[in-house]
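The values are calculated or read from the model by the stated rules, or taken from the named source; none is laboratory data. Here the structure is a predicted model, which is why all the values come from computation and not from measurement. Every residue, glycine among them, receives a Cβ derived from its backbone with ideal geometry; neighbour counts consider all protein chains shown.
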């Protein structure tokens, strides 16, 4: 009688502790969740910013390299001879430039112009369509080119050549004995970085490159590019904010969230690489790299936190309570068993509590707790077989429990150490586990059914 | 759908059907539905799991329900096994 009273009181005390602590951590969780959602949102924004930065560094790698190439080509011996009427210089210079073009496929064309802008030598890349060199340089660009010093380089806006390809034009003056004798002009295909931007498009977000007027330079639908009918500013009505706001890198408008980064094609390319000066002073011309994402996409990912937080604890609560009741059911009958259950209960409850504070999100064991709990129960089923005098029943239940126990333990061990990789190995693994589990269940069921009254 | 998920789905579906089939045979033979309820529950849980995998609905919620039901079913089996009055020893 005393024992029962003690047991009942103990049950009440522990149950009260469980309920109060669960309510407490639940309440605390509600407070933390808002904070966590905010930090998750900032995390997602930061992640997108990092993606923009990585794309920016990807596309910014080559322009500086081109600048160096231009300086290298100008230093080729005898190049100035083409412009100073030295016939012996023509063939070697031509050969050098052709060899350069064949090795550097992003160059469409290299031209040598005289000081008036007339073509003296035009070399096209072997696999590219021929275009007219001088047509790419407008009158004001030629003027800018004429103002450059020896080691300065001109970079044009992104333009369409007469074949409809998007190109950048690089130019630099050629000097001979301190006198300007002409210009080296290179036409570079822009596909190398435009394609990088197009490839960044995903289902839930669009990536564009626009100019300062909102014209699409890169769009996943190519018909939008350079089209007067389509303009980012009229479509999204955020250009005023984007052009003014240099500090904040994103804007939320309607159901969209828009990330942006301004690029100054000349200054960025040229400032990064030493030895080359920024020469395009036209600060009004810039590109904007724009990511347009659905706000829903961000919100859904954040809302998932609620679900994960709530449901991740449901099996643990069930297991904790289940084990708790088993402990007090068994105290009278089997002290050793109740100790095993009790220890497991404490471990489970520890993880239950830490999960509310975010600690278990990083703990590997957290996902294994339900499997371990099931493994423990199947182990007890296996041990329970000793109670039956019928040898066949004993055997069947023992084997059934053993197989099911092994199945769970293998899952825990393999998940913990991630010992299997690849489709074939993991398929074999799953089939093996499936057979083991089904065989265990059949043995258990057959043993269970023997000698029922 | 990748091969791994397809195999997982098929094996779970086959397992659940075999289990439900044997359990229903046992219920018919011994006429004790309550005793075999945990096995039926496991069979249906595997069924839900295979359906979730097939329709790519596998997420934390489904996983929680799956693990919780399996655990409770095994607890049910264990309790039944240790309840002497139901068994001829």
For the range B:31-40, what are the residues that are more than 9 Å from chain A (Cβ to nearest Cβ) and surrounded by fewer than 20 Cβ atoms within 10 Å (Cβ to Cβ)? B:31, B:33, B:34, B:37, B:40
The residue that is farthest from the chain's Cα centre (by Cα), considering only those in the range B:41-75 that are within 11 Å of chain A (Cβ to nearest Cβ) and at pLDDT 85 or above, is B:74
Identity of the residue in the range A:123-145, outside any loop (DSSP other than H, G, I, E, B) and buried (at least 17 other Cβ atoms within 10 Å of the Cβ), that ends up modelled with the lowest pLDDT: A:136
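Given the options A:431, A:397, A:435, A:381, name the one that is modelled with pLDDT of 85 or more, at the interface with chain B (Cβ under 10 Å from one of its Cβ atoms) and either surrounded by fewer than 18 Cβ atoms within 10 Å (Cβ to Cβ) or not in a helix (DSSP H, G or I) (or both). It would help to see each step written out before you state the result.
Values: A:431 fails: modelled with pLDDT of 85 or more; A:397 fails: either surrounded by fewer than 18 Cβ atoms within 10 Å (Cβ to Cβ) or not in a helix (DSSP H, G or I) (or both); A:381 fails: either surrounded by fewer than 18 Cβ atoms within 10 Å (Cβ to Cβ) or not in a helix (DSSP H, G or I) (or both).
One residue alone meets the criteria, A:435.
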Show the residue pairs that are 6+ apart or on different chains and have beta-carbon atoms under 7 Å apart, the first residue being within the range B:1-30 and more than 8 Å from chain A (Cβ to nearest Cβ), the second being loosely packed, with under 14 Cβ neighbours inside 10 Å and at pLDDT below 90. B:27/B:33
Every listed condition ((1) modelled with pLDDT of 80 or more; (2) over 22 Å from residue A:255 (Cα atoms); (3) crowded, with 16+ Cβ neighbours inside 10 Å) holds for residue A:159 save (1)
What are the residues in the range A:198-225 that are over 18 Å from residue A:59 (Cβ atoms) and in contact (Cβ under 8 Å) with a residue 40 or more places away in the chain, if any? A:204
Enumeration of residues in the range B:1-30 that are closer than 21 Å to residue A:428 by Cα and surrounded by fewer than 13 Cβ atoms within 10 Å (Cβ to Cβ): B:1, B:2, B:3
